[in-house]
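Readers should treat all values here as calculations from the given coordinates under stated rules, not as data from a laboratory. Since this is a predicted model, take the numbers as computed values, not measurements. Here the Cβ is made from the backbone with ideal geometry for all residues, glycine too, and neighbour counts use every protein chain on show.
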Amino acid sequence: MKSFILVLNSGSSSVKFNLFQLTAQNTLQSLLEGIAEEIGNVEKSRIKYDWQGTRKQTSTALANHQAALLQIFEILRELGIDRQSIAAVGHRVVHGGELYSSSVRIDDSVIDTIRNLIPIAPLHNPPNLTGIEESIKLLPDVPQVAVFDTAFHESMPEYAFRYAIPEKWLQEYGVRKYGFHGTSHMYVARRAARFLGIPFSQFNGITAHLGNGCSLTKIQKGRSMDTSMGFTPLEGVVMGTRSGDIDPALIEHVAAKMAQEENLPLADAYQNVFRILNKESGLKALAQTNMMQDIRSRAGQGDLQAKLAIEIYAYRVAKYIGQYWATLPWTDAIVFTAGLGENESLIREKIISYLQPLAITIDTDKNQIRKQEVVIGTSRILTDHPLSVMVIPTNEEIVIGYDTLFLGYYEQPIPDVYPFEQ
């Protein structure tokens, strides 16, 4: 019997996996969650997973993604789940370009599009594509579905997604704002609307996905109208290792200095600058670590550098919230999510402290609650439209699971209201 949906998220050296069981009520229940890590490093590669409340880890040689997927299927077999019981497979794909405003069932055309987008998503689309191709080899008769990080943001108007650059750059090079984390933003916005009793089609909100990667999205009537990440995930607020917004002219300046001081070809210096902006900047550059809990702990002990890192981070997030709030007719909710957004109460308070004109009152006790959907603050600056500040744990996998269930197994359109909203 076809009774399981498998969700895969293939990275450059990892494969995250989730197995959902289809219940009698046509809802999905998570059974298994895990990750294959250090793929290609056979001496250190391993698989970790949670099964029925028990966490397990096994060291195993994983030379490539195919080996990782084979080992994942072997774990499923050992747990009593064979390949024939998998109804469909869903894949997280970071970049879908302008072509996809929703998830799609994978065919040769979709694969070609994902491959053609590699030049503007060189770090993410190749491993996503590898995961898809290897999954098709192992499950050739099982429907496969692509769920794009960019899809939710395809509703952005041109005045939001377009840069003030030559027309040729847009039309021939595809240079525009795409945005990312769309699946997470859509999920928490839908949950916020449900929590507040507002139809999603009428919901206005600002969602803040704050993890190692961070982005904020302005949502009006259930549609993404703007988002902080841009052509790549480098644009926007300060992140764990990414700089966020900078003056692009500094790239040329630093590359020239680096080429001179380190006796490098200019092209190599440029590559180093971009590597540093993506992997050695953000909180890591400001505080020598990208772990906010460590930074918060040091700040509490009087470390001035850690305090400054928190101030910079919170101020940049607050600036985006402020500009989105100012350009919405009203805001029903500001929603914090992802690892940092869900777990760092002090950082949430610090962000809100920079938004004094919104007159938000924080409930200190509720702000300490973790792993729950909760309203931690309110504002009645607009009496007809009270503003709630919320924490909602994200669940991108359940969105991928349901999109895969409907498009892949049922061969039906995705419903206007997801089961997780009911």
**Item:** Selection of trypsin sites (Lys or Arg not before Pro), the stretch 316-412, meeting DSSP coil and at most 15 other Cβ within 10 Å
**Value:** 370, 371, 380
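Could you tell me the relative contact order of the stretch 79-204? Use alpha-carbon pairs under 8 Å, at least six residues apart, and round to a whole percent.
29
Return 163, 320, 49 ranked ascending by Cβ neighbour count within 10 Å, so the fewest neighbours appear first. Don't skip to the answer; put the middle values down first.
Numbers: 163 12, 320 24, 49 21.
Going from least to most buried by this count: 163, 49, 320.
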**Item:** Prolate/oblate/rounded call for the chain, Cα gyration tensor, a/c under 1.5 rounded
**Value:** rounded
**Item:** Per-residue Cβ neighbour rank within 10 angstrom, fewest leading, 123, 328
**Value:** 123, 328
**Complete:** The aspartates and glutamates whose Cα lies under 12 Å from the Cα of residue 371, excluding any fewer than 8 residues away in the same chain, are 342, 344
**Prompt:** Considering the zone a paramagnetic label at residue 165 would reach in this model (a point 7 Å from Cα along the Cα-to-Cβ line), which residues of the stretch 115-137 have amide N under 20 Å from it?
**Reply:** 115-126
**Request:** Arrange the peptides 194-203, 291-300 so that the one whose residues have, on average, the most other Cβ atoms within 10 Å appears first.
**Result:** 291-300, 194-203
**Asked** Where does each of 334-343, 53-62, 7-16, 31-40 land if you order them by average Cβ count within 10 Å, highest first?
**Response** 334-343, 7-16, 31-40, 53-62
**Request:** For the stretch 208-245 and the stretch 355-411, write down the distance between their C-alpha centroids in whole Å.
**Result:** 16
**Message:** Which of rounded, prolate or oblate describes the stretch 216-294 when judged by the alpha-carbon gyration tensor and an a/c cut-off of 1.5?
**Reply:** oblate
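Given R₀ = 22 Å, FRET efficiency for residue 301-residue 363 by Cβ-Cβ distance, to 0.05?
Working: r = 27 Å, r/R0 = 1.23.
Here the calculated transfer efficiency is 0.25.
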**Message:** At 0.36 nm per residue, and after removing the present C-alpha to C-alpha distance, how many nm does the segment from residue 257 to residue 356 gain when stretched out fully?
**Reply:** 31.5 nm
**Request:** Can you work out the PRE-style zone for residue 23? Point 7 Å along Cα to Cβ, and I want the residues of the stretch 392-412 with backbone N under 20 Å.
**Result:** 393-407, 409-410
**Prompt:** What is the spin-label model distance, in nm, from residue 370 to residue 43 if the labels are put 7 Å beyond Cα along the C-beta direction?
**Reply:** 3.5
**Request:** Rounded, prolate or oblate: pick one for the stretch 5-59, where a ≥ b ≥ c are the square roots of the eigenvalues of its C-alpha gyration tensor, a/c under 1.5 means rounded, and failing that, prolate if a/b is larger than b/c, else oblate.
**Result:** oblate
**Prompt:** Gap in Å between the Cα centre of the stretch 1-58 and the Cα centre of the stretch 87-118?
**Reply:** 21
